[in-house]
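*Asks:* A single structure is presented below for examination.
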Amino acid sequence: MAGPLAGLRIVEMAGIGPGPFAGMMLADHGAEVIRVERPGAGARVMAQRDVLARGRRSIAVDVKSEEGRAVVRELCRSADGLIEGYRPGVMERLGLGPDVLLKDNPNLVYGRMTGWGQDGPYAQAAGHDINYIALAGALYHYGRAGEKPTPPINMVGDFGGGGMMLAYGMVSALLHVARGGEGQVIDAAMTDGSALLMGMIWGMRNAGVWSDTRGTNALDTGTHYYDTYQCSDGEYISIGSIEPQFYAELRRLAGLEDDPEFDRQHDPAAWGSLKAKLTSLFRTRTRKEWCDLMEHTDVCFAPVLSMGEAPKHPHNKARGTFVEVGGDTQPAPAPRYSATATDTPQPGPEVGADGVAILREIGWDDARIGKARDDGVIG
């Protein structure tokens, strides 16, 4: 793989959600990522179509066996990093905890992905994205006034506050090693990460310009100038005309320059009636008609596109925001580099597809590989 992380080897203990997302980010940007999977853990067609599995190599290992654990230890001796997403203590019980693997390889970066973190009262409890962002003080603020909190799919906890934070932590710690530092353990908790993503909102709250009352603030649909609106064809557009010059452009193109009530942009007492006026106005034309009027202007405008529509939009097509991988549409790697461009991702491999080659690379001979296969150690 090409990219700025080319030459790095990461061992990924296969899981679901944020751990694989971190592995995908590292692989997208050039790292060799080897997924350690359970023997018989899935079909090739699923791996090929799983965006989060793309760009990997795969070895199927029974890590509950002594020889299987030896495989992982030998892999980690040759690796720059490891990522795992088990509950706290699982890797230690397998004999693959950081105390063991860092003794084997003092330069190893050992990344741990959990919902609640490695310690704390909730550490051993089950949970999902919705729970992590709830405890972090994020979920409470997603939703409209008078309505219950609405989970933003699982973007904030699993991926923004989880997988992306782990990927960032891995690269930071790998840079530390490259500059002569020691290997270390990364404790990436989705509660910590999703709390951090609220940093700007905490700053606004501390400054007294953000209320804990959901749906009454500048960025949470409380205002008329930062919201989505339905058009006459049932489709939606988005308006984000916060700054005065952008708000003025909205008024000009929407024919609202002569309505004095719109002078009260930042008056919360006027937001309800102004939103009602905009709601009625935007329902007078189709989404395409509003796009023809407002796209490519400084209104801060965009159509609200579905996953089926977004890859077809001219801007996304021009930038190559989406790519075809194994016949399926997927988001392209991001961000982009001027000097170390990344490759188009390859489909996820069949479980265990690269096992023999990987074992040979770490010094196993055919007799040892054959015995391990016969004993069910490798798939």
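*Asks:* Using just the helices of the chain, give the 222 nm mean residue ellipticity in deg cm²/dmol: DSSP H runs with n ≥ 4 each add -39,500 (n - 2.57), and the total is spread over all residues, rounded to 500.
*Replies:* Numbers: 15 runs with 134 residues, N = 379.
It comes out at -10000 deg cm²/dmol, rounded to the nearest 500.
*Asks:* In square angstrom, what is the accessible area per residue of the stretch 244-353 with a 1.4 angstrom probe?
*Replies:* Numbers: 6540 Å² over 110 residues.
Value for the stretch 244-353: 59 Å² per residue.
*Asks:* Compute the Kirkwood hydrodynamic radius of the stretch 53-103, taking the inverse of the mean of 1/r over all pairs of distinct Cα atoms, and give it in Å to one decimal.
*Replies:* On the way: mean 1/r = 0.0847 Å⁻¹.
Taking the inverse mean of 1/r over all distinct Cα pairs, the stretch 53-103 comes out at 11.8 Å.
*Asks:* Calculate, for the stretch 74-138, the solvent-accessible area per residue in square angstrom, rolling a 1.4 angstrom probe over the heavy atoms of the protein chains.
*Replies:* Details: 2800 Å² over 65 residues.
I get 43 Å² per residue for the stretch 74-138.
*Asks:* Please identify the trypsin sites (Lys or Arg not before Pro) of the stretch 301-365 that satisfy two criteria: DSSP loop assignment and at most 11 other Cβ atoms within 10 Å. Which are they? It would help to have the intermediate numbers written out before the result.
*Replies:* On the way: sites: 312, 317, 319, 336, 360; in loops: 336.
Listed in order of number, the matching sites are 336.
*Asks:* I'd like the carbon and sulfur percentage of the solvent accessible area for the stretch 71-120, probe radius 1.4 Å, heavy atoms only, ligands and nucleic acids excluded. Let's see the in-between values first.
*Replies:* Working: 880 of 1870 Å².
Carbon with sulfur: 47 percent of the solvent-accessible area.
*Asks:* With only Lys, Arg, Asp and Glu charged, each at its Cβ (+1 for the first two, -1 for the last two), find how big the charge dipole of the stretch 134-281 is about the Cα centre; round to the nearest 20 debye.
*Replies:* Numbers: 10 positive and 18 negative charges, 53 e Å.
Dipole of the stretch 134-281, to the nearest 20 debye: 260 debye.
*Asks:* Roughly what would the spin-label model give for residue 365 and residue 304, points 7 Å off Cα along C-beta, in nm?
*Replies:* Computed distance between label sites residue 365 and residue 304 equals 6.6 nm.
*Asks:* How long are the semi-axes of the equivalent ellipsoid of the stretch 105-197, defined as square roots of 5 times the Cα gyration tensor eigenvalues? Whole Å, largest first. Before the final figure, lay out the partial values.
*Replies:* Details: eigenvalues 183, 37, 14 Å².
Working through the eigenvalues yields semi-axes of 30, 14, 8 Å.
*Asks:* Can you list the GluC sites (Glu not before Pro) in the stretch 308-362 that are in a DSSP coil and have 14 or fewer other beta carbons within 10 angstrom? Each step should come with its number before you reach the end.
*Replies:* On the way: sites: 309, 324, 350, 361; in loops: 309, 350.
For GluC sites (Glu not before Pro) across the stretch 308-362 that sit outside H, G, I, E and B with at most 14 neighbouring Cβ atoms in 10 Å, the list reads 309.
*Asks:* What distance in nm separates the simple spin-label points at residue 312 and residue 128, each placed 7 Å from Cα in the Cβ direction?
*Replies:* 3.1 nm
*Asks:* In debye, nearest 20: dipole of the chain around its Cα centre with unit charges on the Cβ of K, R (+) and D, E (-)? Could the numbers behind the result be given before it?
*Replies:* Values: 38 positive and 49 negative charges, 67 e Å.
Charge dipole, the chain, about its Cα centre: 320 debye, nearest 20.
*Asks:* If you don't mind, there's one more thing I want to ask. Within straight cross-link reach of residue 148, meaning Cα distance under 21 Å, which lysines are found once same-chain residues fewer than 8 apart are removed?
*Replies:* Excluding near neighbours in sequence, the set is 275.
*Asks:* Using a cut-off of 15 Å between beta-carbons, work out the net charge of the residues near residue 246 (Lys and Arg +1, Asp and Glu -1, residue 246 not included).
*Replies:* Numbers: positive: 251, 252; negative: 227, 243, 249, 257, 295, 298.
Net local charge, residue 246 excluded: -4.
*Asks:* Another question, if that's okay. Which one of 154, 359, 11 has its Cα pushed farthest toward the positive end of the charge dipole of the chain, where Lys and Arg give +1 and Asp and Glu give -1 at the Cβ?
*Replies:* 359
*Asks:* Would you mind working out the magnitude of the charge dipole of the stretch 178-233 relative to its Cα centre, with +1 at each Lys and Arg C-beta and -1 at each Asp and Glu C-beta, to the nearest 20 Debye?
*Replies:* Values: 3 positive and 7 negative charges, 36 e Å.
Taking the Cα centre of the stretch 178-233 as origin, the dipole is about 180 debye.
*Asks:* Using a 1.4 Å probe on the protein heavy atoms, what percent of the accessible area of the stretch 257-379 belongs to carbon and sulfur? Mind showing how you got there, number by number?
*Replies:* On the way: 3800 of 7350 Å².
That fraction is 52 percent.
*Asks:* Placing +1 on the Cβ of each Lys and Arg and -1 on the Cβ of each Asp and Glu in the chain, which of 116, 219, 33 has its Cα farthest towards the positive end of the resulting dipole?
*Replies:* The one lying farthest along the dipole's positive direction is 33.
*Asks:* Can you bin every Cα-Cα distance in the chain into 20 Å intervals starting at zero and give me the percent of pairs per bin, rounded to whole numbers?
*Replies:* 24, 48, 24, 5, 0
*Asks:* Select from the stretch 119-211 those trypsin sites (Lys or Arg not before Pro) which occupy a DSSP coil region and have at most 15 other Cβ atoms within 10 Å, ordered by residue number.
*Replies:* Within the stretch 119-211, the qualifying trypsin sites (Lys or Arg not before Pro) (loop, at most 15 other Cβ atoms within 10 Å) are 144, 179.
*Asks:* Here is a follow-up. At 20 angstrom or more along the helix axis (alpha-carbon based) and mean Kyte-Doolittle of 1.6 or higher, what helices does the chain contain? Whole DSSP H runs only.
*Replies:* Working: long enough: 164-178 (21 Å, 1.68); 268-282 (21 Å, 0.44).
Answer set is 164-178.
*Asks:* Grab the other residues whose beta carbon is less than 13 angstrom from that of residue 267, score K and R as +1, D and E as -1, and report the net. Before the final figure, lay out each step's value.
*Replies:* Details: positive: 264, 275; negative: 261, 263.
Combined, the nearby Lys, Arg, Asp and Glu give 0.
*Asks:* Here is a follow-up. What net charge is computed for the residues neighbouring residue 278, neighbours being all others with C-beta under 13 Å from the C-beta of residue 278, Lys and Arg scored +1, Asp and Glu -1? Please report the intermediate quantities before stating the final value.
*Replies:* On the way: positive: 251, 275, 277, 283, 285; negative: 227, 259, 261.
Summing Lys and Arg as +1 and Asp and Glu as -1 gives +2.
The values are calculated or read from the model by the stated rules, or taken from the named source; none is laboratory data. All of these numbers come straight from a predicted model, not from anything done at the bench. Glycine also receives a Cβ, built like all others from the backbone with ideal geometry; neighbour counts cover every protein chain displayed. Heads up: the accessible areas ignore ligands, DNA and RNA and are worked out on the full protein's heavy atoms, side chains in. Shrake-Rupley method; radii C 1.70, N 1.55, O 1.52, S 1.80 Å.
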